[in-house]
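The values are calculated or read from the model by the stated rules, or taken from the named source; none is laboratory data. Small disclaimer: the values here were computed from a predicted structure and weren't measured. A quick note on method: Cβ atoms are made from the backbone with ideal geometry, for glycine too, and the neighbour counts reach across all protein chains shown.
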Ligand code: BEZ
């Protein structure tokens with residue numbers, strides 16, 4: 001049963017609703033005769049800046065492909081730089097929702113910031129599409145009719161790699177991450193799959209986000225001599241970690257595995273240090289999929305850049321919104337119908353088509369990839385149609 005009901009007239013309309021004419025004009029606006037307002041809350045500065053930009057690029061590209069309209073309405077954009085700072089998240093989300101009166105928030109990248117956005121979106125009954133942050137709670141105990149994700153839960157890529165390493169007969173693994181939800185929940189997913197099949201995580205190491213002083217931890221890993229290491233790092237920090245690992249001479253000594261964020265969108269900067277690294281992710285280079293091929297051509301032509309997983313997630317966030325907006329001919333006040341259409345859609349994604357779970361998280365294949373030159377080449381499917389367990393979600 002949906003509690004995601006119509007928000008009614010905008011406050012500005014209520015204030016001038018004394019006259020019949022004004023009231024009529026405002027009702028028409030509230031029912032969606034104007035533009036659909038999209039609020040990007042993304043990191044545009046800091047270690048995750050390139051991720052935020054790629055998400056926005058992907059989203060805008062899909063909208064452009066539809067002639068700049070979804071559900072027959074033009075799109076108007078609003079932007080806030082969330083700086084990957086959880087402390088500023090409630091205020092930043094409120095700027096988009098209360099000040100700008102957006103119809104949908106598209107955000108964000110960082111799991112800690114996401115918690116703040118989910119809270120404000122729920123309080124205000126605002127549609128939210130999460131284009132990256134994997135925080136398990138958003139499609140777990142904090143799930144809700146108005147909360148959707150076009151990306152992954154933190155549990156998913158970690159679980160896929162735990163499965164791969166257990167199948168390879170690895171026994172003793174050390175994990176190393178930033179100490180916040182994304183890293184911790186990736187490790188939890190990894191451990192769940194790995195230990196269920198007889199492996200053991202012998203040590204869990206971490207450092208605060210976004211620190212990049214890896215040296216002492218790398219030395220500690222070397223002293224433990226595990227069969228392998230599993231890590232979560234992304235963006236600028238991932239570039240530095242991969243280079244430091246190679247510089248410490250461990251690349252040929254201890255196999256390094258990760259969720260695919262370690263090497264997505266980073267290979268140009270990582271260069272030789274990344275060659276041969278294997279990761280698991282819901283996107284890869286070289287997928288035999290015409291949708292992906294046209295997406296990649298379009299992205300390269302539009303932005304003079306190669307797309308990455310973040311661009312795909314932005315593109316698919318727009319596809320999800322399009323499904324909702326089309327069902328109501330752009331009248332975003334018909335919220336229950338928007339939600340229903342988004343729930344039922346099959347997204348024709350460059351990653352391969354996917355549906356959403358009851359908790360609104362993608363049910364999708366996780367690929368095993370290997371770095372070869374500037375590509376995360378697909379080697380096969382690590383886990384097919386992997387659904388997050390959505391523990392604690394009651395929709
Ligand atoms: C996160 O904080 O959820 C996250 C950040 C970057 C890449 C993947 C996940």
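General observations
- Listing of helices (runs of 4 or more DSSP H) fully contained in the range 260-377 that carry 2 or more residues being within 16 Å of the ligand (Cβ to nearest atom): 267-270, 309-327
- Restricting attention to the range 189-231, the residues that are at negative phi and either assigned to a loop (DSSP other than H, G, I, E, B) or not assigned by TED's automatic domain parsing to the domain that holds residue 162 (or both) add up to 11.
- Scanning the range 119-134 for residues that are closer than 18 Å to residue 392 by Cα and surrounded by fewer than 24 Cβ atoms within 10 Å (Cβ to Cβ) gives 119, 122.
- In the range 62-73, the count of residues that are more than 27 Å from residue 264 (Cβ to Cβ) and modelled with pLDDT under 95 is zero.
- Yes/no for residue 241 being under 22 Å from the mean Cα position of the chain (by Cα), assigned by TED's automatic domain parsing to the domain that holds residue 185 and either within 24 Å of residue 133 (Cβ to Cβ) or within 15 Å of the ligand (Cβ to nearest atom) (or both): yes
- Selection within the range 127-159 - without any contact (Cβ under 8 Å) to a residue 60 or more places away in the chain, under 20 Å from residue 319 (Cα atoms) and in a loop (DSSP other than H, G, I, E, B): 133, 134
- Take the conditions (1) surrounded by 24 or more Cβ atoms within 10 Å (Cβ to Cβ); (2) away from the ligand (no atom under 16 Å from the Cβ); (3) over 21 Å from residue 326 (Cβ atoms); residue 103 misses just one of them, which is (3).
- Unique match (being surrounded by fewer than 16 Cβ atoms within 10 Å (Cβ to Cβ), modelled with pLDDT of 95 or more, touching a strand residue (DSSP E or B) at 6+ places or on another chain (Cβ under 7 Å) and farther than 26 Å from residue 362 by Cβ) among 249, 276: 276
- Some residue of the range 145-155 being assigned by TED's automatic domain parsing to the domain that holds residue 319, away from the ligand (no atom under 16 Å from the Cβ), under 30 Å from residue 328 (Cβ atoms) and buried (at least 23 other Cβ atoms within 10 Å of the Cβ): yes
- Within the range 167-188, considering residues that are part of a helix (DSSP H, G or I) and within 12 Å of the ligand (Cβ to nearest atom), the one surrounded by the most Cβ atoms within 10 Å (Cβ to Cβ): 186
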